[in-house]
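**Q** What follows is a structure written as structure tokens; I'll ask about it next.
Every number here is computed from the coordinates shown, using simple stated rules; none is lab data. Nothing here was measured: the structure is a model prediction, and the numbers come from that model. Cβ placement follows ideal geometry from the backbone for every residue including glycine, while neighbour counts extend to all protein chains displayed.
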């Protein structure tokens, strides 16, 4: 969700007497709204799923909007969607909010790709319960033409994000004599055992605390103290004793099992030259270990790793997308549909607070072939021939009103300097060895600062682990770039 400083729209006849954010607000999807999709069962499913999602979303978002108004917030509340655009609460379709959080991470990843000139970059967003993986290739987010929700097809496009049950709060247990990770999670409540809220199952957070990767007294910038003794008791009871091994051996094996579970979530997407963008609360601690197993040699950890998906939302604009099938594949039919879409866009953007003439328009013509070959999509301009006899064609319009975006510093060569550690931390590297390794505070390092693993890097929004055989560098943007020389 974002707030917006919109322009003042011109009066729209008698409609100017009605609160503009309520104009045309309809809490359902009509099937004709999905007329660009010729698959009737898919359109039906879209309408049905939306009807279940809408009441909960409506109560929450209108409640949030009322709360903001009570605090005299002038700008309207905006809702971020799974197509990367935003809209006002009354103009938001519930179905388009599904999986919008991971889309924010992908938008941020696309911004990293532009900043660092990366052709193929994978997003690995590790939260409390899941790891979300997506692809940005040549600056474009990988998206499905028609998305799915829990295997059910819908008519709207959706970014191609794969989620696996591996997160910072995922339960690590013993099953049939082997250590397994997830998909069950202790969530935020009771959370990992070390949180002290009654958790009785082991998580990677407990492991990292006992390994020494996390400091009990500096967690969350010292605002929350972790309880190592609780972690020790839980891991001993649920992992070490059932396997008949020492606590120290259990910690090492649990970490390796976690690395393997993460690597399995994205290994099939790895290509030559792939970069892994690792963020979320747990991403930077395990990225190097998972990347090495998956064959990735470069890891990029954004400075705002723990809140990076929220940061990615700030790259959105106010946007509307329409798709309407042509009654026949002719230029005349296309022009009729074009006029209809312009009228709808003018109304909708007015309700968002913008005049259509001030918005960007992007037109596409999509042709679905009878032989089942992939849909042909090409740019469309008024008067263009359609030339698709016997085929099913539709016209697509995306209207965008730009919002301010953050500016990222383009990666550039900076004078390399040795990174300066702030101290050392005792970190277990094997069942029998504990090493005193340097700890670097990211914000204390100048751009170009570099060093070698093993090391711990403490950022304002993450704790990163640099394994042995990895080098690290602080970029011009203040991000952390890891390179595997193993």
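**Q** For the chain, take the longest principal axis of its alpha carbons; what is the angle in degrees between that and the long axis of helix 247-266, to the nearest 10 within 0 to 90?
**A** 20
**Q** Each label point is 7 Å from the Cα along the Cα-to-Cβ direction; what then is the distance between the points at residue 162 and residue 31, in nm?
**A** Each label point is offset 7 Å from its Cα along the Cβ direction, giving 3.5 nm.
**Q** Could you bin all the Cα-Cα distances of the stretch 150-228 into 5 Å bins starting at 0 and give me the percent of pairs in each, rounded to whole numbers?
**A** Here the calculated profile for the stretch 150-228 is 3, 14, 19, 19, 14, 10, 8, 7, 4, 1.
**Q** In 10 Å bins starting at zero, report the fraction of Cα pairs in the stretch 78-196 per bin as a rounded %.
**A** P(r) for the stretch 78-196, in whole percents per bin: 13, 33, 32, 18, 4, 0.
**Q** Another question about this same structure. Tell me the Kirkwood hydrodynamic radius of the stretch 214-304 in angstroms, computed as one over the mean inverse distance between distinct C-alpha pairs. Write out the running numbers ahead of the final one.
**A** Details: mean 1/r = 0.0664 Å⁻¹.
It is 15.1 Å.
**Q** Pairing the Cα long axis of helix 331-352 with the longest principal axis of the chain, what angle in degrees results, from 0 to 90 and rounded to the nearest 10?
**A** 60
**Q** Quick one: 285, 57, 123, fewest Cβ neighbours within 10 Å first, how do they rank?
**A** Working: 285 27, 57 19, 123 32.
Going from least to most buried by this count: 57, 285, 123.
**Q** Please report the antiparallel percentage of the DSSP beta bridges confined to the stretch 385-468, to the nearest 5. Let's see the in-between values first.
**A** Numbers: 11 of 16 bridges.
The antiparallel proportion sits near 70 percent.
**Q** Could you give the spread of the C-alpha atoms of the stretch 300-357 along their three principal axes, from largest to smallest, in whole angstroms?
**A** Over the stretch 300-357, Cα extents along the principal axes are 52, 27, 14 Å.
**Q** Using a Förster distance of 51 Å, how high is the FRET efficiency between residue 264 and residue 330, based on the Cβ-Cβ distance and rounded to 0.05?
**A** Efficiency, from the Cβ-Cβ distance: 0.50.
**Q** Quick check on the chain: helices-only [θ] at 222 nm, where DSSP H runs of length 4 and up contribute -39,500 (n - 2.57) each and the sum goes over total residues. Nearest 500, please.
**A** Details: 8 runs with 124 residues, N = 486.
-8500 deg cm²/dmol, from helical runs alone.
**Q** For the chain, give the share of DSSP beta bridges that are antiparallel, in percent and rounded to the nearest 5; count only bridges with both residues there. All intermediate terms of the calculation are to be shown ahead of the outcome.
**A** Numbers: 71 of 85 bridges.
Around 85 percent of the beta bridges assigned by DSSP in the chain are antiparallel ones.
**Q** Same structure again: Please work out the Cα center distance from the stretch 358-405 to the stretch 196-249, rounded to the nearest Å.
**A** After rounding, the separation between the Cα centres reads 54 Å.
**Q** What FRET efficiency, computed as 1/(1 + (r/R0)^6) with R0 = 25 Å and r the Cβ-Cβ distance, is obtained for residue 430 and residue 450, rounded to the nearest 0.05?
**A** Values: r = 26 Å, r/R0 = 1.05.
FRET efficiency, residue 430 to residue 450: 0.45.
**Q** Show log10 I(q)/I(0) for the stretch 147-293 at q = 0.16 Å⁻¹, two decimals, from a solvent-free Debye sum over equal Cα scatterers.
**A** -0.89
**Q** To continue, here is another question. Of the labelled options [x] 74, 52, 36; [y] 77, 56, 50; [z] 64, 59, 48, which one gives Cα extents along the principal axes in Å as computed for this structure?
**A** For Cα extents along the principal axes in Å, the calculated option is [y].
**Q** Counting pairs of alpha carbon atoms under 8 Å apart in space and at least six apart in sequence, what relative contact order in percent does the stretch 60-166 give? Present the calculation step by step, with values, prior to reporting the outcome.
**A** Values: 165 pairs, mean separation 20.2, N = 107.
Once normalised by length, the contact order is 19 percent.
**Q** Against the longest principal axis of the chain, how steep is helix 100-116, in degrees 0 to 90 to the nearest 10, with axes from Cα atoms?
**A** Relative to the chain, helix 100-116 is tipped by roughly 80 degrees.
**Q** Going by C-beta contacts inside 10 Å, put 224, 315 in order with the fewest on the left. If you can, show how the numbers build up before the last one.
**A** Numbers: 224 12, 315 16.
Neighbour counts put them in this order, fewest first: 224, 315.
**Q** Just rank 49, 245, fewest to most, by other beta-carbon atoms within 10 angstrom.
**A** Details: 49 18, 245 15.
Least to most surrounded, the residues fall as 245, 49.
**Q** Oh, and also: Starting from the Cα of residue 382, step 7 Å along the direction of its Cβ; do the same at residue 197; then give the gap between the two resulting points in nm.
**A** Modelled inter-label distance: 5.7 nm.
**Q** Residue separation times 0.36 nm, minus the C-alpha to C-alpha distance between residue 75 and residue 140: what's the value? Could you put the intermediate results ahead of the total?
**A** Values: separation 65, 0.36 × 65 = 23.40 nm, distance 3.05 nm.
Stretched fully, the residue 75-residue 140 segment lengthens by 20.3 nm.
**Q** Taking 0.36 nm per residue of separation and subtracting the Cα-Cα distance, what length does fully extending residue 410 through residue 67 add? Don't skip to the end; give the middle numbers.
**A** Numbers: separation 343, 0.36 × 343 = 123.48 nm, distance 3.84 nm.
Between residue 410 and residue 67, full extension yields an extra 119.6 nm.
**Q** Using a Förster radius of 22 Å, what is the FRET efficiency between residue 417 and residue 307 based on their Cβ-Cβ separation? Nearest 0.05, please.
**A** Numbers: r = 28 Å, r/R0 = 1.27.
Approximately 0.20, to the nearest 0.05.
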